[in-house]
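Input: a single structure, listed below in structure tokens.
The values are calculated or read from the model by the stated rules, or taken from the named source; none is laboratory data. Just so it is clear, the structure is predicted and the values come from calculations on it, not from any experiment. Cβ: placed from backbone, ideal geometry, glycine included. Neighbour counts: every protein chain shown.
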Amino acid sequence: MIIAPAEPHDVTKLLAFREEAATWLRGLGSDQWSRPYPADKLLATIEAGTVFMLRDGHTTAGTITLTADAEEGLWTNDELTEPSMFVNKLTIAREYAGQDLGGRLLDWAGDRAQRAGAWWLRLDAWTSNEGLQRYYLAHRFTHVRTVCEGTAVNGGPRVSGWLAQRAARPADHGFTDFAPAPEKLPFAA
């Protein structure tokens, strides 16, 4: 499998991935990702070079967004002084479930974060999705705290404020990596 930057034509596939995941999550009793995600915001993240696609031949098996930009209101000023990269929108196609591709994508992200000079790979997960939280804990993340107050970037109530982190470190993720080398973080040592 290869990992490569998403391209503008991937917007449709990414929106379909999100809907597939939302449908699956609804079946588990979760309202995660039940709000439609704006295609223009997704396209902006693709154009910023922060969205990556995991491809198995001509089939997209998964996606991950990895950025140096923290969502406003989640991390403290002291935490934001520590070089970090942030995982968002990790999604695996249901037909590829059960192969730990998500865990391997997290390893890829941690490796890429370390090469960029980050100390931490951080994320925020849905506050009510305990299964997802257990998943991240099983993948060596440590729960930092849960932020419930405030509003999300889209103006709605904050629902994704379970914060976790793990050290950014080299990893053998097993993917063929076609992503360009990461830019060094401006505050990295």
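Give me the pairs, please: first residue somewhere in segment 20-35 and at positive phi, second residue anywhere and in a helix (DSSP H, G or I) and at pLDDT below 70, beta-carbon distance under 7 Å, and either six or more positions apart or on two chains.
Short answer, once both residue conditions are applied: Trp33/Leu25.
Test Asp172 against the stated conditions and say whether it is over 17 Å from the mean Cα position of the chain (by Cα) and either at pLDDT 95 or above or charged (D, E, K, R) (or both). Talk me through it step by step, then tell me what you get.
Details: over 17 Å from the mean Cα position of the chain (by Cα): yes; either at pLDDT 95 or above or charged (D, E, K, R) (or both): yes.
Against the criterion (over 17 Å from the mean Cα position of the chain (by Cα) and either at pLDDT 95 or above or charged (D, E, K, R) (or both)), Asp172 qualifies.
Determine which single condition Val11 fails, assuming it passes every other condition in (1) in contact (Cβ under 8 Å) with a residue 40 or more places away in the chain; (2) more than 15 Å from Leu121 (Cα to Cα); (3) within 17 Å of the chain's Cα centre (by Cα).
(1)
Between residues in segment 166-182 that are within 14 Å of Ala109 (Cβ to Cβ) and residues that are among the hydroxyl-bearing types (Ser, Thr, Tyr) and assigned to a loop (DSSP other than H, G, I, E, B), which pairs lie under 8 Å by C-beta distance while being six or more apart or on different chains?
Every condition considered, no pair remains.
When the residues of segment 87-144 are narrowed to those that are of a type in the set (Gly, Ala, Ser) and in a loop (DSSP other than H, G, I, E, B), which ends up surrounded by the most Cβ atoms within 10 Å (Cβ to Cβ)?
Start the filter on segment 87-144 by keeping residues that are of a type in the set (Gly, Ala, Ser), which leaves 93, 97-98, 102-103, 109-110, 113, 116-118, 125, 128, 131, 138.
Still in the list and also in a loop (DSSP other than H, G, I, E, B): 93, 97-98, 116-118, 128.
Numbers: Ala93: 19, Ala97: 11, Gly98: 8, Ala116: 19, Gly117: 18, Ala118: 27, Ser128: 14.
Residue satisfying both the conditions and the ranking: Ala118.
What is the residue count in segment 1-44 for residues that are at pLDDT 90 or above, touching a strand residue (DSSP E or B) at 6+ places or on another chain (Cβ under 8 Å) and in a helix (DSSP H, G or I)?
1
Condition test on Glu47, is it touching a residue at least 24 places away in the same chain (Cβ under 8 Å), in contact with a strand residue (DSSP E or B) (Cβ under 9 Å, 6 or more places away or on another chain) and surrounded by fewer than 18 Cβ atoms within 10 Å (Cβ to Cβ)?
no
Tell me yes or no: at least one residue of segment 148-156 is at pLDDT 90 or above and among the aliphatic types (A, V, I, L, M).
Quick first cut of segment 148-156, residues at pLDDT 90 or above only: none.
Scanning segment 148-156 turns up no residue that is at pLDDT 90 or above and among the aliphatic types (A, V, I, L, M).
Against the conditions (1) on the phi < 0 side of the Ramachandran plot; (2) at pLDDT below 90; (3) surrounded by 15 or more Cβ atoms within 10 Å (Cβ to Cβ), where does Glu72 fall short? Just the number, please.
Of the numbered conditions (1) on the phi < 0 side of the Ramachandran plot; (2) at pLDDT below 90; (3) surrounded by 15 or more Cβ atoms within 10 Å (Cβ to Cβ), the odd one out for Glu72 is (3).
Collect the residues in segment 157-169 that are at pLDDT below 95 and within 16 Å of the chain's Cα centre (by Cα), keeping them in residue-number order. Before you say what the answer is, go through the steps one by one.
From segment 157-169, those at pLDDT below 95 are 157-162; that's our starting set.
If the condition is that a residue be at pLDDT below 95 and within 16 Å of the chain's Cα centre (by Cα), then Val159, Ser160, Gly161, Trp162 are the ones that fit.
Inspect all residues belonging to segment 75-86 and state whether any of them is surrounded by fewer than 19 Cβ atoms within 10 Å (Cβ to Cβ) and under 16 Å from the mean Cα position of the chain (by Cα). Lay out the reasoning, then the answer.
Step one: of segment 75-86, the residues surrounded by fewer than 19 Cβ atoms within 10 Å (Cβ to Cβ) are 76-82.
Retained after the next criterion (residues that are under 16 Å from the mean Cα position of the chain (by Cα)): none.
Scanning segment 75-86 turns up no residue that is surrounded by fewer than 19 Cβ atoms within 10 Å (Cβ to Cβ) and under 16 Å from the mean Cα position of the chain (by Cα).
Please work out which one of (1) surrounded by fewer than 20 Cβ atoms within 10 Å (Cβ to Cβ); (2) in contact (Cβ under 8 Å) with a residue 40 or more places away in the chain is the condition Thr63 fails and give its number.
(1)
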